[in-house]
Amino acid sequence: MTRLSVNVNKVALLRNSRPLDIPDLVRAAELAIDAGAHGITVHPRPDARHIRPQDVYSLHTLVRARGVEFNIEGNPFQSMLELVRAVKPDQCTLVPDDPDASTSDHGWDLETNSGRLRPVIAELKSLGVRVSLFMDAVDWAMADARATGADRVELYTEPYACAFGSPQQAQVLARYATAARSAQREGLGVNAGHDLNRNNLPLFLRAVPGVLEVSIGHALIADALEFGMKKTVALYLDAVSGRGGE
C-alpha cells in the first residue's frame with residue numbers, strides 16, 4: 001500500500017503567528033502517528049516562516065522513538081543540508097524552490113542542475129539517507145533523474161489537482177502514469193505530492209502505478225480543523241487504500 005507522510009509545516013505556520021508554542025508541533029505529529037501515518041514530512045525554508053531548526057531536532061526524536069519515517073524536503077543549495085547532515089533523516093526530498101517562493105511550484109530542470117546535484121546526492125547517500133528528486137511529470141526526464149544517483153522521484157502533482165474534475169483530467173492523469181512507468185523502468189521509486197487531497201487522491205493512485213509514498217500537508221491540516229488530526233489521518237489512509245474519496 002502507498003504510504004502516507006504527513007507534512008506538518010502548516011501547523012508550524014499557525015504556531016509562528018504568535019509568540020507562543022500553540023499549537024504544539026510535536027503533539028500534532030504524535031497524533032498523526034497515533035492515527036497510523038507512516039511518516040512525518042517537514043520543509044524548512046531559510047526564513048523559518050514555519051519549520052524552525054529546533055523543530056527538526058524535536059521531530060527527529062519523536063519519529064525515531066515511534067519507528068516511523070522522517071522526510072526533510074527543501075532546496076539543497078540553501079540552508080537545509082545542515083539540518084539533514086545533523087539528523088540523517090530516512091529520506092531527503094530535494095526541491096528547487098526559491099527562497100521567497102510561497103510554495104513549491106515546479107520540478108528540477110536537470111539539464112541545468114544535474115551537475116551540481118550529483119555531489120549533493122552522493123553525500124546524502126553516504127550518510128544513509130534515501131534521496132528523492134521533486135520532478136514534473138515528464139517521462140523523458142526520468143533517465144536524467146536516475147543519472148544523478150537519486151533513489152526516487154516525487155512527482156509534482158499540482159497540475160493534476162488543478163485538472164481534477166475537468167475535461168483535461170484523463171489526459172493529465174495519463175501523463176503522470178507514463179512518467180511513473182518511465183521512472184520505474186529506470187529503477188527509480190515513485191513518490192507524489194502537492195495539492196493532493198481526500199477527493200483527488202484515490203483516482204490518482206488508481207491511475208498512476210506503484211506510488212510508494214504521498215506527502216500531504218495543506219489539505220490534510222485544513223481538514224483537521226474540521227475533523228481533528230486523528231480522524232483526518234484515518235480519512236486519508238482510507239483515501240490511500242481506495243476506500244475513501246469521491
Please verify whether Y176 is in contact with a Gly (Cβ under 8 Å, 6 or more places away or on another chain) and of a type in the set (S, T, Y), treating the condition exactly as stated. no
Please tell me if V68 is touching a Pro at 6+ places or on another chain (Cβ under 9 Å), surrounded by 14 or more Cβ atoms within 10 Å (Cβ to Cβ) and among the β-branched types (V, I, T). no
Unmet criterion (only one of (1) polar (S, T, N, Q); (2) in contact (Cβ under 8 Å) with a residue 24 or more places away in the chain; (3) surrounded by fewer than 16 Cβ atoms within 10 Å (Cβ to Cβ)) for T148: (3)
Listed by first then second residue, the pairs whose first member lies in segment 97-117 and is exposed (fewer than 12 other Cβ atoms within 10 Å of the Cβ), whose partner is at pLDDT 75 or above and not basic (K, R), with beta carbons under 6 Å and at least 6 positions apart or on separate chains, are P99/P46
Is it true that L220 is under 30 Å from A29 (Cα atoms), modelled with pLDDT of 95 or more and surrounded by 24 or more Cβ atoms within 10 Å (Cβ to Cβ)? yes
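The values are calculated or read from the model by the stated rules, or taken from the named source; none is laboratory data. None of these values were measured; they are calculated from a predicted model. Every residue, glycine as well, gets a Cβ built from its backbone with ideal geometry; the counts of neighbours run over all protein chains shown.
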